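The values are calculated or read from the model by the stated rules, or taken from the named source; none is laboratory data. Keep in mind the model is a prediction, meaning the values are calculated, not measured. With ideal geometry, Cβ positions are generated from the backbone for all residues, glycine too; neighbour counts draw on all protein chains shown. Accessible surface is based on the protein model in full, side chains and every heavy atom, while ligands, DNA and RNA are left aside. Shrake-Rupley method; radii C 1.70, N 1.55, O 1.52, S 1.80 Å.
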Amino acid sequence: MKKICAANWKLNFSPEEARRYFAEWSALRPANLSCDVLFFTPAYDLTVAAEFAPAEGFHFGPQNIYFETSGAFTGEISARAVHSLGARWALIGHSERRTLFGETDDVIAKKVKTAISSDLAPMLCVGETLAEREAGQTKNIVARQVRAGLGRVVTETASHTLAIAYEPVWAIGTGRVATPQQAGDVHAEIRRILSDLLSPPRAHEIAILYGGSVKPDNAKDLASQPDIDGFLVGGASLKPKDFFAIADAL
Ligand code: PEP
């Protein structure tokens with residue numbers, strides 16, 4: 001399986017700033033990156049990503065979609081429309097969506113289904129809070145989120161590209177990274193859940209990314225874990241040079 005290095009820009013970069021970013025990316029890009037690169041941008045930057053993607057060889061997508069693709073849903077993002085712009089991935093269930101915008105497992109499951117029916121590869125985010133980790137609930141929480149997120153699309157996911165991003169909530173944007181051992185243990189558990197839910201061969205084709213304060217100086221150790229198939233990077237993806245260094249560790 002090819003590893004994936006994905007950027008989550010969150011609510012950063014206007015279209016003009018996005019264009020400057022990709023110009024810098026293009027100038028710095030090393031020829032020998034062995035992983036796939038994805039950018040999850042704000043919706044209004046997707047057309048800029050689409051301009052650069054073919055020549056730069058990356059994929060891109062939105063940080064969120066709605067589970068309906070058209071109609072009276074003011075302010076939402078249509079999976080079908082972003083696909084028509086060239087997006088091939090969608091980030092779904094990021095912890096900021098779960099905690100700040102009240103997304104439930106049920107809503108997230110519907111979004112995963114819509115992504116697949118709109119021909120977008122979902123990257124389903126899962127992860128425990130600090131209180132849940134301290135209560136020894138990490139594996140239960142992650143199992144619930146993976147099973148709920150994929151439970152309605154077991155048949156479709158047999159042939160559709162998807163990925164899981166394990167992001168412990170206590171490590172996102174905090175500078176507090178999971179140890180390679182902590183991350184590796186949860187990734188192995190996610191692989192086991194995928195084997196059970198789908199099949200063992202299919203589970204080994206699905207990339208499981210780690211996210212949470214990944215930086216150039218901790219990426220190599222994390223990448224050495226056998227079940228870590230890539231990174232989802234927030235803060236450090238905002239500088240092309242740092243994002244390259246992280247991608248280079250995979
Ligand atoms: C994220 O937003 O998905 C993330 C992992 O952020 P950071 O790398 O800044 O912790």
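Listed values, structure above:
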quantity	calculated
Structure-based [θ]222 nm, the chain - -39500 (n - 2.57) summed over DSSP H runs of at least 4, per residue, nearest 500	-12000 deg cm²/dmol
Quotient of Cα Rg and 2.2 N^0.38 Å for the chain, N being how many residues it contains	0.94
Cα-Cα over 31 Å, subset of 111/220; 10/113; 3/139; 111/215	111/220
Reference-scaled alpha-carbon Rg (2.2 N^0.38 Å with N residues) for the range 2-65	1.05
Förster radius 41 Å - calculated FRET efficiency between residue 16 and residue 117 (Cβ-Cβ, nearest 0.05)	0.75
Accessible surface of the range 4-248, 1.4 Å probe, proportion on carbon and sulfur as whole %	52 percent
Burial ranking of peptide ranges 32-41, 162-171 (average Cβ count within 10 Å, highest at the top)	162-171, 32-41
Net charge dipole size for the chain [Lys, Arg +1 and Asp, Glu -1 on Cβ; Debye, nearest 20]	160 debye
21 Å tail of the calculated P(r), the range 35-156, as % of Cα pairs	41 percent
Separation of alpha-carbon centers, the range 90-136 and the range 189-217, rounded to whole Å	15 Å
Debye equation applied to the C-alpha atoms of the range 162-250, log10 I(q)/I(0) at 0.25 Å⁻¹	-1.22
Accessible area in square angstrom per residue, the range 4-248, 1.4 angstrom probe	42 Å²
Helix runs (DSSP H) in the chain reaching 24 Å along axis by Cα, Kyte-Doolittle at least -1.0	180-197
Listed residues 99, 77, 87: farthest to the positive end of the dipole of the range 68-107 (Cβ charges)	87
Ranked packing of 141-154, 209-222, most packed first, by mean Cβ within 10 Å	209-222, 141-154
Taking the range 4-248 and dividing mean pair separation by its residue count, relative contact order in percent (alpha carbons under 8 Å, at least six apart)	20 percent
